[in-house]
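Okay, so here's the structure we're looking at.
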Amino acid sequence: MTDQPKLRLGTRQSPLAMAQAREARARLCAAHGWPESAVELVPVRASGDKVQDRPLAEIGGKALWTKELDAWLGEGRIDGAVHSMKDVETVRPQALAIAAILPRADVRDVLVGAASLAEIPRGARVGTSAPRRAAQMLHHRPDCAVVTFRGNVATRLARLASGEAEVTLLAAAGLGRLGEEGVGTPLPATDWLPAPAQGAIGIECRAGDAAVRALLAAVDHAPSRASVLAERALLAALGATCHSPVAALSRHEGEAIVLRAVLFSPDGNERVEGECRVTPGAPGAPAALAADLLARATPGIAPHFAGPPEGAATPR
């Protein structure tokens with residue numbers, strides 16, 4: 001008789017999401033000395049995967065990646081949910097907790113279709129649905145035009161190949177997890193800042209499930225967790241949404257995290273930048289950075305950030 005799985009992990013059905021879930025399973029099995037059969041992967045088709053012809057911000061935002069998995073957790077159909085952390089809302093249900101952040105992968109974006117920003121043909125169409133990528137591209141290359149690209153990695157590469165755009169941008173971490181490391185040219189993160197929490201996989205579970213939280217804690221990577229939570233705290237304090245062109249980059253200096261962030265206007269013409277040091281003794285530094293950035297935000301930037309909600313708690 002086959003043993004029952006020790007954990008059921010829910011995941012979206014896209015190829016990248018499944019690759020991330022397999023990584024989570026492999027790390028859990030290695031940490032606990034389990035056979036692969038000990039962790040069952042439970043695919044769910046997320047709302048965000050069902051609509052591909054409109055920007056995410058127009059059809060409900062990041063919740064479209066999480067709501068089905070949230071419901072399955074609440075109903076006890078799964079024990080944990082595997083997420084790409086850049087796609088998880090900063091304000092989460094109190095009944096859920098981020099129990100583990102896996103070791104973070106490459107945070108950079110990859111340019112596909114040209115060898116560098118400077119070598120993109122003049123007037124080229126850039127395929128992306130991300131406000132950050134669009135604004136950052138228009139800041140660097142105001143001669144370019146942005147056209148909406150949504151869908152998984154294969155879909156976007158196919159649309160590029162069919163001539164719908166001259167270049168597009170993809171996450172290096174996603175390409176690596178799909179075995180597509182040779183696609184495109186990685187952009188230096190210090191010049192082209194990534195999305196907050198890009199490259200990080202998280203596993204969420206029911207906050208009150210102490211047994212599952214303990215099992216998942218075995219694969220929690222403390223440095224990655226610290227960086228991701230700092231970047232999520234910044235987003236929360238900014239009141240950022242799917243419409244908000246915001247980029248962030250963190251680096252570790254001893255026990256401290258240096259967090260750098262840039263806010264853009266959607267057309268890329270305006271930007272405001274700042275950084276802070278996040279230490280165990282100064283957990284409020286991301287919120288202070290957000291307040292500073294919002295205080296200096298220009299008229300083209302400010303409307304796209306709501307600021308912290310009254311009584312907001314630090315993201316978990």
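The values are calculated or read from the model by the stated rules, or taken from the named source; none is laboratory data. Remember, it's a predicted structure, so these values are computed and weren't measured experimentally. With ideal geometry, Cβ positions are generated from the backbone for all residues, glycine too; neighbour counts draw on all protein chains shown.
Structural remarks
- Verdict on D143 being surrounded by fewer than 22 Cβ atoms within 10 Å (Cβ to Cβ), under 14 Å from the mean Cα position of the chain (by Cα) and assigned to a loop (DSSP other than H, G, I, E, B): no
- For R133, the conditions (1) part of a helix (DSSP H, G or I); (2) crowded, with 22+ Cβ neighbours inside 10 Å; (3) more than 22 Å from the chain's Cα centre (by Cα); (4) not aromatic (F, W, Y) are fulfilled apart from (3).
- If you go through region 8-49 and pick out every residue that is among the hydroxyl-bearing types (S, T, Y) and in a strand (DSSP E or B), you end up with 1.
- Any hit, region 234-254, residues being under 23 Å from R92 (Cβ atoms), free of Cβ contacts under 8 Å to residues at least 40 places away in the same chain, not acidic (D, E) and not in a helix (DSSP H, G or I): yes
- Evaluation of V167 against the conditions (1) free of Cβ contacts under 8 Å to residues at least 24 places away in the same chain; (2) under 24 Å from L249 (Cα atoms); (3) β-branched (V, I, T) shows that the sole unmet condition is (1).
Residues are listed down the side, and each one gets a yes or a no for (1) buried (at least 23 other Cβ atoms within 10 Å of the Cβ); (2) at pLDDT below 95; (3) not in a strand (DSSP E or B):
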residue: P223; (1), (2), (3): no, no, yes
residue: A261; (1), (2), (3): yes, no, no
residue: D267; (1), (2), (3): no, no, yes
residue: R277; (1), (2), (3): no, no, no
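- Just so you know, in region 74-103 the residues that are part of a helix (DSSP H, G or I) and surrounded by fewer than 23 Cβ atoms within 10 Å (Cβ to Cβ) include one that is nearest to the chain's Cα centre (by Cα), and it is D87.
- Test: R108 is out of contact with any Gly (no Cβ under 9 Å at 6 or more places or on another chain), of a type in the set (K, R), closer than 28 Å to E273 by Cβ and touching a residue at least 60 places away in the same chain (Cβ under 8 Å): no
- Near pairs, Cβ below 9 angstrom, 6+ apart or cross-chain, from region 271-297 (assigned by TED's automatic domain parsing to the domain that holds A247 and more than 18 Å from G307 (Cα to Cα)) to any residue that is assigned to a helix (DSSP H, G or I) and among the hydroxyl-bearing types (S, T, Y): V278/S227
- Region 241-255, subset at pLDDT 95 or above and of a type in the set (A, V, I, L, M, F, W, C), residue nearest to A105 (Cα to Cα): L249
- Count - residues of region 148-184 that are surrounded by fewer than 16 Cβ atoms within 10 Å (Cβ to Cβ) and either in a strand (DSSP E or B) or acidic (D, E) (or both): 2
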